[in-house]
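Each reported figure results from applying straightforward, stated rules to the coordinates on display, with no laboratory input. This structure is a prediction, so every number in the text was calculated from the model and none was measured. Here the Cβ is made from the backbone with ideal geometry for all residues, glycine too, and neighbour counts use every protein chain on show.
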Amino acid sequence: MTEQEYTSLVTDEMKRIYDYVGDTYGEDLDLELGDGILKITLVDDSKLIVSRQAPVKQLWLAARHGGFHFNYDENEKVWKDSKSGEEILTMMSRFIDTSFEE
């Protein structure tokens, strides 16, 4: 993957996550997107932070549940966790839903 392809994929994914979270959870969450970082403040005041990691061509997710590294799966066209294989938006949705329960 070239640097340009990586940048395009990451930009598209962050916008997809931003739009999905905004449309699904509305005003319950605070969203900030800029400079390669997406910050989401959850209802329990914890944060999810998605950041681009160009040197290793990954997306990283920081959450109170830990740190996660996502690689782009060319076959499925999704970002998957390097350990569990879970898709990034699926994982984030689970963390967001949990914040409403606490």
**Request:** Can you tell me which residue within segment 1-28, out of those that are among the hydrophobic types (A, V, I, L, M, F, W, C) and buried (at least 17 other Cβ atoms within 10 Å of the Cβ), is farthest from Arg94 (Cα to Cα)?
**Result:** Leu9
**Message:** On the basis of being out of contact with any His (no Cβ under 9 Å at 6 or more places or on another chain) and under 15 Å from Glu87 (Cβ atoms), does Val43 make the cut?
**Reply:** no
